[in-house]
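Notes follow the structure.
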Amino acid sequence: MHKRLSARTTAVLTTLLLSASVVLGTASPAAAHDDFVSSYPTADSTINGSPDEISLMFTGTLTGGDDATVVEVIDESGANVAVDPPTVSGDSITQHLSPDAATGIFTVRWKTVSADGHPINGEYVYTVTPAMDTEPSTPTTSPTPETSPESTEEPEPARPAQTYGGTASGGGAFELLPLFFLSGLALILGIGVVGVVMAGRRRHQRDRAQAAKDAAATEKDADA
């Protein structure tokens, strides 16, 4: 009888243990906390220019709602650049940021309620560098100078050349003709004077030669 009760007790205990293990094994996944999966900007990443918003993704649907979720984005000066309450949608949280957010290192601190009703929290950092201008620069063109309106004044008539003694000044080929004539006349006179002098010298030389010849002839006749 005692042995029979012991065997029965053992069977009951075994059945209870198996049932408890099945119940506990089934309830464990449902009771597990949701985990933080990823974010934008990515943790420990560097981005070009501050984003308009950040987003956090988790392994399950968050049940805390917007009131139970808090997100802070702290810049290097300690200011919180998060604006407006965060928005919870399924397994993600979206938080808008101030458009005046500076560059540098930002720390994201968050807390929300997991699907199992337990609060969860965490933090990470990302770095923002100055935004680069990706738009092509347009060449600057210098303004076209305005053309001045044409003058309506009539041009002044050409002034006549100033005259002296009734003859237009300014000279010309005709004014040089008297000079050429005088120069030619002087040249001709000079050549004539030289010719006369040379002719006189030749005549004087002939006369001297003739006189010498005559003297020699007279002296010869006297000797004879």
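Please specify each residue of the range 53-76 satisfying the condition of being within 19 Å of Tyr124 (Cβ to Cβ) and either assigned to a loop (DSSP other than H, G, I, E, B) or of a type in the set (S, T, N, Q) (or both). Walk me through how you get there before you give the answer.
First pass over the range 53-76, keeping only residues within 19 Å of Tyr124 (Cβ to Cβ): 53-59, 62, 69-76.
Ser55, Thr59, Leu62, Thr69, Asp75, Glu76 - these are the residues of the range 53-76 that are within 19 Å of Tyr124 (Cβ to Cβ) and either assigned to a loop (DSSP other than H, G, I, E, B) or of a type in the set (S, T, N, Q) (or both).
Asp44: part of a loop (DSSP other than H, G, I, E, B), surrounded by fewer than 14 Cβ atoms within 10 Å (Cβ to Cβ), on the phi > 0 side of the Ramachandran plot and acidic (Asp, Glu), yes or no? Walk me through it before giving the result.
Numbers: part of a loop (DSSP other than H, G, I, E, B): yes; surrounded by fewer than 14 Cβ atoms within 10 Å (Cβ to Cβ): yes; on the phi > 0 side of the Ramachandran plot: yes; acidic (Asp, Glu): yes.
In short, yes.
Go through the residues of the range 32-39 one by one and say whether even a single one is of a type in the set (A, V, I, L, M), modelled with pLDDT under 95 and more than 43 Å from the chain's Cα centre (by Cα). Outline the logic, then answer.
Going residue by residue through the range 32-39, those that are of a type in the set (A, V, I, L, M) are 32, 37.
With the extra rule that they be modelled with pLDDT under 95, the set shrinks to 32.
Right, trim to more than 43 Å from the chain's Cα centre (by Cα) and you get 32.
Looking for residues that are of a type in the set (A, V, I, L, M), modelled with pLDDT under 95 and more than 43 Å from the chain's Cα centre (by Cα), one finds at least one in the range 32-39, hence yes.
With the requirement that a residue be out of contact with any strand residue (DSSP E or B) (no Cβ under 6 Å at 6 or more places or on another chain), farther than 27 Å from Thr61 by Cα and not acidic (Asp, Glu), what does the range 80-111 give you?
Pro99, Ala101, Ala102, Gly104
Take the range 33-63 and flag every residue that is out of contact with any Asp or Glu (no Cβ under 7 Å at 6 or more places or on another chain) and either under 20 Å from Ser114 (Cα atoms) or aromatic (Phe, Trp, Tyr) (or both).
Passing the criteria: Asp34, Asp35, Phe36, Val37, Ser38, Ser39, Tyr40, Ile54, Ser55, Leu56, Thr63.
The values are calculated or read from the model by the stated rules, or taken from the named source; none is laboratory data. The model shown is predicted, which means the values in this text are computed figures rather than measured ones. Positions of Cβ are generated from backbone atoms using ideal geometry, with glycine treated the same way; all protein chains shown enter the neighbour counts.
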